[in-house]
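S.K.: Here you go, one structure.
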Amino acid sequence: MGYRNGDVSHWMHAGKAPAFGPATLEDAYDLVVIGGGLTGLWTAYYAIERDPAARILVLEAAEVGYGASGRNGGWLSPLLPGNRAVYARKSPHGTQGVLDFQHEMFGAIDEVLAVLDREGVDADQVRGGQLTLAPTPAAMARVKATREAHLRYGYEPSQAVLLDVDETRARVNSATARGGLFYPDTARVDPAKLTRGLAEVLRRRGVTISEQTPAAEVTAHRVRTRRGSIEAGRIAVCLEAYTSTLLGGRRVIPVNSSMIVTDPLPASAWEQIGWEGRECLNDSAHTFVYAQRTADDRIAIGGRGTPYKYGSGTPGDGASDARTTTNLRERLESMFPGVYFPVAHAWRGVIGVTRDWCANVTYDARTGVGVVYGFAGHGVTATNLAARTLLDRFEGVDSTLARLPWNDYRTRQWEPEPLRWMGVRGMYVLFGLADRWEERTQAEKTALPARIGSRIAGLHE
Ligand SMILES: Cc1cc2nc3c(=O)[nH]c(=O)nc-3n(C[C@H](O)[C@H](O)[C@H](O)COP(=O)(O)OP(=O)(O)OC[C@H]3O[C@@H](n4cnc5c(N)ncnc54)[C@H](O)[C@@H]3O)c2cc1C
């Protein structure tokens, strides 16, 4: 069937062509949203819900879904976009703030699915849960520790269920699984259908979406584009990994995540693999992979690949390197030996990562500028919650959302280059070493290089 590399993503390529293009711009709007990804679109959605007469403009540099929102793994999951222990330590509301955050994340999955239902958006959504496979004894120990942390931070026992090896393989028959952790709340979506579907809803509601219209500068109540300057009551900067390209600074950097998708697999392959429940699937290796079984019976699988481009480079149309594609296919082959996985398309995108991996929602009432970033790999659900949080901040209401720990949360800056490049690369080298060590020794304890890597990155909880 031929192999494609880049072209944004399989999801964006396989769906219908972009439908907006550049719009005619007015001189002034009540709200200008910068970035046509899920954060920006959800912000516009709730803004028009709250005030149907509001004049709203979404500016998108390329096309709706061009960023991570059109390239991701399609997991609508309850995983928090940040380190819970760090949030609890730094938030004025302590652990209660994190418990509220987690509660809202579970609610946000329901909310996204309810909006899709209400607005008639078909994003191939299936609520099949999420299964984390443990490929080694050390990974199984980590899965158990993760579950204990989940229970401390607001999960009910039924929301993170430990599975033994037979229960795990009854769901997904992976040869490498030694057990797993099952999260029933997670849903699978087609990311481009979600993002474009939401944009279509906005168009119906009278929101102006202008593609191929990058914002060039943001000042108090004003956004400058190549096509003129626009006055704005409020401005929502929703650029995630692209934030520094507009605002400068080193608070968030782009980190690569790469994916491949197979051709549709034959029934004989699915008989061996199982995966009837269409769970979102990952493993608890340090160099973890994440995957979904698509509506048309392909497997889409992703992982870090080459993790970071010197100087915080962004990935353009997303061409991926051959080594990453081979590694991801080999991971599938080791999970499901004997099954043939023809790769149809490979691509990469960037996640926005802060120095302590915690997401931020900030708002300055004086300038009218709100900024959201730092979801890392957990934005499909969290973007919905962030949008509602930002709107509460715009309105100045004292709500649960306005008190969540990510509000006005400040992370320290990333190091300047070449330290940043060395640090991110070094962390993934340590993680790779640790995975190989744990596989070879079958030890139960997490290998030292991974403990060092997590500490440097601030990932341990
Ligand atoms: C490969 C991959 C897999 C992932 N898998 C998952 C997953 O399964 N589950 C999960 O929860 N999260 C996942 N994530 C993360 C998730 O996709 C993101 O957190 C989320 O989509 C972020 O949405 P956003 O709208 O904030 O940013 P983006 O979707 O990146 O949107 C930012 C937009 O801003 C535009 N832009 C840039 N500069 C300008 C400018 N100057 N003016 C106007 N527009 C501009 C860009 O073109 C882009 O469209 C994944 C990410 C990647 C890359």
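S.K.: Mind checking which residues of the range 200-214 are out of contact with any Lys or Arg (no Cβ under 7 Å at 6 or more places or on another chain) and within 11 Å of the ligand (Cβ to nearest atom)?
M.R.: Result: 210, 211, 212, 214.
S.K.: Determine which member of the set 232, 291 is buried (at least 20 other Cβ atoms within 10 Å of the Cβ) and within 26 Å of residue 178 (Cβ to Cβ).
M.R.: 291
S.K.: I've got another one for you. Quick one: count up the residues across the range 300-330 that are among the aliphatic types (A, V, I, L, M) and within 18 Å of the chain's Cα centre (by Cα).
M.R.: Of the residues in that region, 2 qualify.
S.K.: Next question, about the same structure. Could you list all residues from the range 352-373 that are surrounded by fewer than 24 Cβ atoms within 10 Å (Cβ to Cβ) and of a type in the set (A, V, I, L, M)?
M.R.: 365, 369, 371
S.K.: Only one of 429, 424 is outside the structural domain of residue 49 (by TED's automatic domain parsing), at pLDDT below 85, within 16 Å of the ligand (Cβ to nearest atom) and under 23 Å from the mean Cα position of the chain (by Cα); which?
M.R.: It is 424.
S.K.: Within the range 113-162, restricting attention to residues that are of a type in the set (Asp, Glu) and not in a helix (DSSP H, G or I), which residue is nearest to residue 82 (Cα to Cα)?
M.R.: My answer is 156.
S.K.: Before we move on, is residue 2 assigned to a loop (DSSP other than H, G, I, E, B) and within 7 Å of the ligand (Cβ to nearest atom)?
M.R.: So residue 2 fails the test.
S.K.: While we're looking at this one, here's another question. What are the pairs, 6+ residues apart or on separate chains, where a residue within the range 299-316 that is surrounded by fewer than 16 Cβ atoms within 10 Å (Cβ to Cβ) has its Cβ under 8 Å from a residue that is basic (Lys, Arg)?
M.R.: 306/323
S.K.: Next question. Given the condition closer than 30 Å to residue 201 by Cβ and touching a strand residue (DSSP E or B) at 6+ places or on another chain (Cβ under 8 Å), answer yes or no: does some residue in the range 146-159 qualify?
M.R.: Yes.
S.K.: Does residue 238 fit the bill of being within 30 Å of residue 419 (Cα to Cα), crowded, with 20+ Cβ neighbours inside 10 Å and among the hydrophobic types (A, V, I, L, M, F, W, C)?
M.R.: So residue 238 fits the description; yes.
S.K.: Taking the range 241-251 on its own, how many of its residues are aliphatic (A, V, I, L, M) and buried (at least 24 other Cβ atoms within 10 Å of the Cβ)?
M.R.: Qualifying residue count, the range 241-251: 1.
S.K.: In the range 16-65, which residues are of a type outside the set (A, V, I, L, M, F, W, C), within 15 Å of the ligand (Cβ to nearest atom) and out of contact with any Leu (no Cβ under 9 Å at 6 or more places or on another chain)?
M.R.: 18, 21, 22, 60, 63
S.K.: Considering each of 203, 169, 147, 152 in turn, give the residue that is within 30 Å of residue 12 (Cβ to Cβ) and either surrounded by fewer than 20 Cβ atoms within 10 Å (Cβ to Cβ) or without any contact (Cβ under 8 Å) to a residue 60 or more places away in the chain (or both).
M.R.: None of the other options fit; the residue is 203.
S.K.: Further question: Suppose we filter the range 66-79 for residues that are buried (at least 24 other Cβ atoms within 10 Å of the Cβ) and more than 6 Å from the ligand (Cβ to nearest atom); how many remain?
M.R.: The total comes to 3.
S.K.: Counting just the residues of the range 377-401 that are surrounded by fewer than 24 Cβ atoms within 10 Å (Cβ to Cβ) and farther than 26 Å from residue 222 by Cα, which one comes out farthest from the ligand (Cβ to nearest atom)?
M.R.: Only one residue fits best here, namely 398.
S.K.: Please go through (1) closer than 28 Å to residue 356 by Cα; (2) in contact with a strand residue (DSSP E or B) (Cβ under 6 Å, 6 or more places away or on another chain); (3) not acidic (Asp, Glu) for residue 262 and return the number of the only condition it doesn't satisfy.
M.R.: All conditions are met except number (1).
The values are calculated or read from the model by the stated rules, or taken from the named source; none is laboratory data. For clarity, every value in this text was computed on a predicted model and none was experimentally measured. Cβ atoms come from the backbone with ideal geometry, glycine included; neighbour counts cover every protein chain shown.
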